[in-house]
Each structure stands twice: as C-alpha cells, then as structure tokens.
Amino acid sequence: MLDAIISTRELLGRVDELLRTQRVIGPVRRDVPDATPPVRWFYEPVSSARQLDLGFAYCVYSPKQYLLPPRETLLEFHRTPDGFSARPVSDAQPTALIGVHPCDLHALVTLDRAFSHNGDDEHYQARRRRLLIVGVDCGKPCTPGVYCADMRANVADEGFDVMLQPLGAGADVERFGVRFGSPRGRAWLEAGGGCERPTAADERAADAWQERKEASFGRTLTTAHEDLPAMMARSYDSLIWEATARRCYSCGSCNLVCPTCYCFDVHDELDLSLQEGRRCREWDGCQLQDFALVAGGHNFRSKAAARLRHRLMRKSKWIGERTGGKGCVGCARCDRACTARISTVEIYNQLAEEV
Amino acid sequence: MKPRIAIFSLTSCEGCSLAILELENELLDLLGAVEIVNFREGMTERSWDIDVGFVDGAVSTPEDEREVTRYRACCKTLVAIGACACLGGVNTLKNRQEMESYRTYVYGERARWFPTTDARPISAVVKVDYELPGCPMNNREFLRLVKCLLAGVPFALPNYAVCVECKKAGNLCLYERGQMCLGPVTRAGCNAICPHYGSKCEACRGLLGAEALAAARLNMREIWKVDEERVLADLRLYGAYQGDGSKP
Amino acid sequence: MPRESVLEAGPVADIGAMAASPYLPEAARVLSVRSLTAMERLFDLEFADGRALGHAPGQFVQVSLLGIGECPISICSSPTRPQRFQLCIRKAGVVTAALHALRGGDMVGIRGPLGRGFDVSELHGKDVLIVAGGLGLAPARSLIQYVIDERARFGAFHLLYGAKHPSELLFREDLHAWRDDPAVDFHMTVDRPDEGWRGRVGVVTTLFRELPPLDPQRTVVAVIGPPVMFKFVLLEVLARRIPQGRVYCSLERRMKCGVGKCGHCQANDVYVCQEGPVFTYGRLKALREAIE
Ligand SMILES: Cc1cc2nc3c(=O)[nH]c(=O)nc-3n(C[C@H](O)[C@H](O)[C@H](O)COP(=O)(O)OP(=O)(O)OC[C@H]3O[C@@H](n4cnc5c(N)ncnc54)[C@H](O)[C@@H]3O)c2cc1C
Ligand code: SF4
Ligand code: SF4
Ligand code: FES
C-alpha cells in the first residue's frame, strides 16, 4: 500500500528545501575510466538535489560512516598538575540521508540496535537522532554477486522515515510511490504540497513493479536463510577456515566496508603542550591481527583462521542473536573489497556442502 | 628542561628532514616543546649532547658507518626516519649491481676516491630505538612519536595493513581499477596517500609480516594469475631489508 | 577521484558538548599507593565527590589516565568496606606503567563498576571455596573480604592461594590475617621456594589435600587465576561432584569500551565485559574460545 505519490521534480524540491537547514548526503556518481563498469557511486554531501543520482546501482561504502565515522572524538580533556577535566563531545549535525537501498536500511537497523542494546551509545544516538532517512527501492540486483535476496534484505519495511519506489521503468523516473515510516518523514514530504493520493492504477503499477523486482533476484546461498545460523554452528571445526585463511591478508577491508561491522578501537591524542587532548574512537576489525591481543603478548585469536571464523560467525549468527537485526545483508561489499577474492557467500556454501 | 633534538642525514635525498619543516602548523609548537641542536637542513650551529637523534638515509659508505656510530654514541634515543634508514630504501638498488661498475658510472675517473659499501638500514650497524619508515616518512607520525617521547610513553607503529587507512579514507580500491596494489601486505601509517591519489602502494613502509607475504604469493599465482616474482619485486624497491631481518 | 578524504578533513568545525556519554570517566583521587611486589601496586581510591563505588565482588572498573589511555582493572576490595575502593595493578604495558608512576593525591578517571560480578545472594547460606592463583587473588579478594565481613551468612569458608614464587605473594598482611582467622580455612603454596620459605611447595591443586570433604549439595566454588590453572582446578572441583552451575570463574580478554560495544572482549558470541567477567562453568563450557 502506498501512502502517496510524488513527482521527481517535487521530490527534488523537497530535498533542496532540506538543504537550506541541514546537510544532505546521497549517492553521487563518479566516473572511474579504468574500472569496469567505468562508474561508481559514493555517499557524499551534496549542495543541490540535482547532484543526487537516485538511480544508482550501489555505493562503494555504506552510509554507516555517517553514524559511526571512521574516526571521531568522544571526549575532549584538559590535564592540569592536580587532575583533569573532560567533557564528552559530538559533532552531530542535522543530516538527511537521501537514497538508501533496502540492504543498507536493514544494516542501519542493526547498527541502531547494537548501539542501544544494553545501554545507549550517546555518540551514535546523537547522530541518529539528527538523521532523516529516505530509502529508495532497487528494481533489480544492483551488481552481480550480491546475495541480499538470500539474506531477506532486498526488501525493507522499516528503518526509514520515507521510502520511495520508482514508478515506471527507464532511467528517468518521473514519479515515486511513497511509504512513510515516521511522522517526521511524512511532515517533511507533505509540507511542500506536492504529494498526490495514489490512484488504483498507481497501486497496480507499484505491485507489478515489486513483482518484477522479486522475479529478477536469483539465489546464491545454498542454505535457507533460517537454517544459516544452525549450519554455521555445525561448521565450527571445518577445515575450510584454515584453508581459506591461507589466502587472507588479515587486512580488515571486509570488516571496514561491511555495513553491519561496528567494532572500534579507542585511543588518546595529546597536543604538543601535553595538556590538551582528545579521546578518539576509530573503526577496528576482528580480522586484524592484534584485535584480541593483550598486554604480555597473549593473543586470544592469533590465527587468521580463527579470525575469519569469528567474522563469519558474527555475520551469520551472533549479531542477529544479539541485536535481533541482520548480521549480514548480502550487499557483497566484503567480497568486492577482498583483494584475495575471499567470498563470504562462497564460504557459506562450501561449509554447507560439508556439514 | 626541554629535550634536545638533532636531525642527521646519511646517504639520502634528505626529503625526510624536509618533511619535518613541512609541518607548518605545528612547527612553532614543536620548537616550543623541544630544543633543536643539530640540524643541517635548518640551522648551522652544532652541539653534541642529544636526547633524541633522528637519522635519515641509508648506511652506504665507510664514512656513513663512522657517522652513525657517532650519532649512536651521543644520542640517548636514536630514531631511524624514512625508508632508507629503516629498510635500506632505493639506495639498495646498487647492491644488486657490480660495485665497480656503478662506482665508475657515478664518479668516473675519481671512483677510487669514493669508497662505498652495500647500502644498509641503520639497524644493520647500530641499535635503533624507533623506526619511522616511509618514503618520505609521514610527518604526522613523526609528530606522534615526538609526543610519545615528551609524554614518556612507548611509541609503536600501526600493526595493520595500508588497506585499513585506505578504507577509512573512503577510496575506491585500486584492484577495482586493475592495479596490483601492495597495500594488503604493507604496514599502515601513511594514510594510504598513494592509493588516495590513484597510484598503487609500493610498500615504502615495509612488509607487515610473513603471513601476509605468504598470502600474497598464493593470491598472485592462483587468483590474479600474474608472475608473483614481478609483483613482489616492487617490495624490494624500498624494502630490501625488512624489520624482521628478512630480504623479500 | 581523488575525492576529499574523510581522514584529511581536519578538525571538525562545530564540535559541541554532550549531556552524557558512557565513555566519560569520573574523577577519583588516589589516597595512597603501596608496593606489593616488584610488579604489583595497591591503589586506594575515592571518588572526588565522595560517593561509594557501589560494586559487587568480581566487577571491574576502567581506569583512565587522560592522554595515555584506559584499561580494565578488577576491584580488589569488598563493597562491605565502602569508604574507599582498592585496585591492585600489575605493570604490564603503557597505561599500567603510567599508573605505577602515580603518588597519593594524584587523580585518575574511573568508569564503572562494569560487568557482572558474583551474585552474592546466590552464595548466601552456602559453603564457599575460593581458589586463587597469581594475580587472580586481586579480584578474588573482593569476594574474600565480603565473606569475612558477612561471615554469619555463609557456612564453611575455604581459601586456597598459589603463587609462582614467594617474591610474588600479594597482600602479605591479608595472608597473615587470614591464616590467623579461625573462621577462614586458609592454605597457600608456591611453585618455586626461596631459602626463607617455610611453607608449602607445589601447584595450587596440591592444596586440595588440605581440605575436608566438600558437600556437593551446599558448596560454591570460585576459581580465579591464569587460564592454565583453571582446567586443573576444575578437574579437582568436578571430581568432588560440585555442580557446574555453582563453579564460578573470571575471564580475561582485551577490553576497550567496557560496555558491550567495541567488540574486543568477545569470547565467541559472548561480550565478556557485560555478561562477565564472572561466569559459571556451566555457561563457560559452551564457549569454545574461553576454554581452548
Ligand atoms: C576484567 C579484567 C580485569 C582485570 N583486572 C586486573 C587487575 O585487577 N590487575 C591487573 O594488574 N590487571 C588486570 N587486568 C589486566 C589489565 O587490564 C591489563 O594488564 C591492562 O589492560 C594492560 O594495559 P596497558 O595499557 O598497561 O598494556 P598495553 O599492552 O599497552 O595495552 C594497551 C591496551 O590494550 C588493552 N589491553 C591490553 N591488555 C589487556 C588485558 N589483559 N585485558 C584487557 N585489556 C587489555 C587495554 O585497553 C590497554 O590499555 C584485568 C583485565 C580484565 C579484562
Ligand atoms: S578483505 Fe579478504 S584478505 Fe582482507 S581480511 Fe578480509 S578476508 Fe582477509
Ligand atoms: S587501493 Fe591498495 S591499500 Fe587501498 S584498499 Fe586497495 S589494496 Fe588496499
Ligand atoms: S570491551 Fe568493548 S565490547 Fe567488551
């Protein structure tokens, strides 16, 4: 069921309206002549709605960076001869994220839960509270190798303030079907007066569009989604871990590009005066060699195989169990980022063959 | 008492010393926090009672050997800066040629006036307390080391690959652009500056470890179907000598 | 390409204060510092605003020296002695070395109490056996003091302690007091004696011979020490038919946030900083990474 219809022109007008008061982030197209295909998209701040490319395939990095930046200051402190003063800080600013595909919407839900599970992380929540999320549905697999449908993440019913569904085909979509996910989203979009009531024909067109979409997704994963955690539990001692780890650089790229990986490191920085400083957090990854290293040199996960297993267990089982969100949304960013061409879904399938 | 700091150059382009002068925003604060006593690029007055000595350049002549031994003797803490001082650097290209031929090539008739040896990192000759690799070294990392020394806490290089910083910087991986980047096997600390500007990493900060190198050999052969030796030859450009003493 | 790098974006323009943060340490004053051994020092602390820490035995705090870093340390005093709290810190790396340089009057940052300690109400009315090895005596001591201070609420109280060498014995004054306390059945041993040593020699498990027969129906056991010790003590305990749900132990892991977010402390799917560090063996044995 659609809540409204809006024309592309009206929609972009609403985005330009947002730009008067806040930062707008969305998919921006970049030419990369030496890549195949010679174009990529990145979530970046825009200064005009026209810079957004809502027909994008996929963004190289997920929108995670706007909620959990690669690096952020948690505390500013001042050291004195007889003590210290410290205050928590945030650079959170009102931001609209325009153009998020269902997979990334699912991932944002996971992050929301991880950073509120058993106590809020105020630094995350400060950003989250100021974030308006506008999803846009994808009509077909954005690129070969994705397994979002296997992960039940190619359709999203939550995680957005507004969800847009392109109506009609072709590159130049002129109208979007709209679903509202929050009063905030509704208020923003309706304020321009450009929302129309969906007609019966619109509903039919939207349903047909969804059917075409569903039919366009194949399946890659050989294990049914609901059986994946149990299959993974049985594969704990598989040789596949060690065999695959021989190729693993422990470079952590797979962690860092993953939209649901949220582990971080904390460290202090001092100015040259040694009086002023900051406590910062930075993205970390469980594939990195020192992730579980403690003083004295003991490493609780010293082998690349144990780290690889840990990551995939988190993706397929543990994050889901802990947060109720999805640990893996099938976006295949890890597979694309891996210069050893280690593929998460391929590992799932190899393990399934064994156990 | 401000720590007394000196900066020395052996056989090098002195780019690492210049990188310090390029710390424009922090240079004044730095000069406020330390006393610079012996710095050929920056000043002329010399003094020989030194808390921290930074040395760039490889040891490549008998004269270098004598000099670096002297630096060691007069510096409480000795820091090797740059790929030459830490890994041998590009100077080591000469190690793979006949000594007589390159001496004559460089110095012609007067070659016998210029004795030379294999180019080696400083640690091959004297004990080194810290190393800041890179060609040139990263001056932010230099600053971090200085702060650690001032605060009296140990300094450590990042123990992860360049890819980590490359990802944090939001770059498109060069493998997606058909380049065999050495980021996955190279120690981070440069903010992935080369990949950021579109050129592949050439491992000027040295290898991350034997495991990553073994993975690289396997992947080059089996996944990328390229001549592993040719790709790994890049490693030797800056890093003929690696931290663990191995020669890749 | 090239694009504006996130890392090179420079200082953030309008950084603003926040009302609260789980990462903000509170100021605590170091009242005194005492050397226990060459490697361990005992710190007496109190919050600048005078409030009690309000912990359970077995919990830990994150200790901060701003500009140097933060690290997790068990609370080694009992909540029954609330005026101040104590930490026993081994010099092991960057932060702990800097902590060792502190003097009385200095300030540190404290976050906590964190994690889950012993559920003492579960222990009330039971016979208690505590087995501590090495630095494990520090976290164990919060429970030992608790049992001594609330002695009437417990049945028999057995305490076994093993150290590598006499020079590594912690809390010497306490050891004497426990030995002389008729309400504590206390035994200790060292792996390697020196000339002056008159006590027992051998690993901690040899002390089980000193114990009277345990009543499996009413005994709870806490095992706190290095991982190697854990398995051997466990065998002794399980051989005496103590149920797995009444054997407690404390896990160590790398920790950064202490509040279940950063991921560093995980043993398989379990966040040790939140669900632990104290676990029952019944729970632990499902964690392959905890017992490997
Ligand atoms: C729950 C718990 C209770 C502990 N209780 C005590 C105690 O009572 N007394 C004591 O002396 N030690 C205790 N430790 C160990 C203590 O935390 C480490 O020795 C300390 O973190 C080393 O920090 P560092 O900065 O000196 O060492 P570095 O090697 O420089 O470590 C850098 C950082 O890594 C992390 N880290 C390193 N080692 C450990 C480790 N073993 N555990 C957790 N994080 C680590 C910390 O964040 C640390 O600041 C405890 C650890 C845990 C997990
Ligand atoms: S991206 Fe690939 S090589 Fe790097 S840590 Fe992940 S699996 Fe290993
Ligand atoms: S460009 Fe190089 S450093 Fe960057 S992610 Fe790719 S392989 Fe790693
Ligand atoms: S220490 Fe960060 S999750 Fe436990």
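The values are calculated or read from the model by the stated rules, or taken from the named source; none is laboratory data. All of these numbers come straight from a predicted model, not from anything done at the bench. Backbone-built Cβ (ideal geometry, glycine too); neighbour counts: all protein chains shown. When the accessible area is computed, the model is the full protein with side chains, heavy atoms only, and any ligands, DNA or RNA have been set aside. Shrake-Rupley method; radii C 1.70, N 1.55, O 1.52, S 1.80 Å.
Structure values in brief
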quantity: Residues being open to solvent by 20 Å² or more (accessible area, probe 1.4 Å) and touching a residue at least 24 places away in the same chain (Cβ under 8 Å) - total across the stretch A:147-158; calculated: 3
quantity: Condition broken by C:GLY263, with the remaining ones in (1) within 14 Å of chain A (Cβ to nearest Cβ); (2) open to solvent by less than 50 Å² (accessible area, probe 1.4 Å); (3) modelled with pLDDT under 95 satisfied; calculated: (3)
quantity: Enumeration of residues in the stretch B:46-85 that are assigned to a helix (DSSP H, G or I) and aromatic (Phe, Trp, Tyr); calculated: B:TYR71
quantity: Selection count where residues are in contact (Cβ under 8 Å) with a residue 24 or more places away in the chain and open to solvent by less than 10 Å² (accessible area, probe 1.4 Å), scope the stretch A:1-43; calculated: 10
quantity: Top-ranked residue in the stretch B:160-176 [being more than 17 Å from A:ARG333 (Cβ to Cβ) and within 7 Å of chain A (Cβ to nearest Cβ); ranked as nearest to ligand 2 (Cβ to nearest atom)]; calculated: B:ALA161
quantity: Matching residues in the stretch B:170-194 - criterion: being of a type outside the set (A, V, I, L, M) and either under 23 Å from the mean Cα position of the chain (by Cα) or modelled with pLDDT under 95 (or both); calculated: B:GLY178, B:GLN179, B:CYS181, B:GLY183, B:PRO184, B:THR186, B:ARG187, B:GLY189, B:CYS190, B:ASN191, B:CYS194
quantity: Tally of residues being of a type in the set (Lys, Arg) and in a helix (DSSP H, G or I) across the stretch B:198-228; calculated: 2
quantity: Search result, residues across the stretch A:46-61 that are outside any loop (DSSP other than H, G, I, E, B) and either within 12 Å of chain B (Cβ to nearest Cβ) or in contact with an Asp or Glu (Cβ under 6 Å, 6 or more places away or on another chain) (or both); calculated: A:ALA49, A:CYS59
quantity: Odd one out for B:PRO195 among (1) assigned to a helix (DSSP H, G or I); (2) at the interface with chain A (Cβ under 8 Å from one of its Cβ atoms); (3) in contact with a helix residue (DSSP H, G or I) (Cβ under 6 Å, 6 or more places away or on another chain); calculated: (2)
quantity: Selection count where residues are open to solvent by 20 Å² or more (accessible area, probe 1.4 Å) and in contact with a strand residue (DSSP E or B) (Cβ under 8 Å, 6 or more places away or on another chain), scope the stretch A:183-197; calculated: 7
quantity: Residue in the stretch C:88-107 that is away from every other protein chain (no Cβ under 14 Å) and either surrounded by fewer than 16 Cβ atoms within 10 Å (Cβ to Cβ) or closer than 30 Å to A:THR80 by Cβ (or both) present; calculated: yes
quantity: Test for A:ARG311: is it within 11 Å of ligand 2 (Cβ to nearest atom), within 11 Å of chain C (Cβ to nearest Cβ) and in a helix (DSSP H, G or I); calculated: yes
quantity: Entirely in the stretch C:104-196, the strands (runs of 3 or more DSSP E) that have 2 or more residues that are closer than 30 Å to C:GLY258 by Cβ; calculated: C:107-114, C:127-133, C:157-163
quantity: Those residues of the stretch C:41-72 which are surrounded by fewer than 22 Cβ atoms within 10 Å (Cβ to Cβ), part of a strand (DSSP E or B) and acidic (Asp, Glu), in sequence order; calculated: C:ASP44, C:GLU46
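Residues checked against (1) farther than 24 Å from C:ASP119 by Cβ; (2) within 15 Å of ligand 1 (Cβ to nearest atom); (3) at pLDDT below 95; (4) not in a strand (DSSP E or B):
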{"position": "C:THR205", "(1), (2), (3), (4)": "yes, no, no, yes"}
{"position": "C:PHE208", "(1), (2), (3), (4)": "yes, no, no, yes"}
{"position": "C:GLN217", "(1), (2), (3), (4)": "no, no, yes, yes"}
{"position": "C:VAL221", "(1), (2), (3), (4)": "no, no, no, no"}
{"position": "C:GLY245", "(1), (2), (3), (4)": "no, no, yes, yes"}
{"position": "C:LYS256", "(1), (2), (3), (4)": "yes, yes, no, yes"}
{"position": "C:CYS273", "(1), (2), (3), (4)": "no, yes, no, yes"}
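The rows are residues; the columns are (1) within 16 Å of B:CYS173 (Cβ to Cβ); (2) out of contact with any Asp or Glu (no Cβ under 8 Å at 6 or more places or on another chain); (3) modelled with pLDDT under 75.
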| site | (1), (2), (3) |
| --- | --- |
| B:HIS196 | yes, yes, no |
| B:ALA216 | yes, no, no |
| B:ASN219 | yes, yes, no |
| B:GLU222 | no, yes, no |
| B:ARG230 | no, yes, no |
| B:ARG236 | no, yes, no |
| B:GLY239 | no, yes, yes |
| B:ASP244 | no, yes, yes |
| B:PRO248 | no, yes, yes |
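Each row is one residue, and each column tells you yes or no for (1) open to solvent by less than 60 Å² (accessible area, probe 1.4 Å); (2) in contact (Cβ under 8 Å) with a residue 24 or more places away in the chain.
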| site | (1), (2) |
| --- | --- |
| C:HIS176 | no, no |
| C:PRO182 | no, no |
| C:PHE186 | yes, yes |
| C:ARG192 | no, yes |
| C:TRP197 | yes, yes |
| C:VAL201 | no, no |
| C:THR205 | yes, yes |
| C:LEU211 | yes, yes |
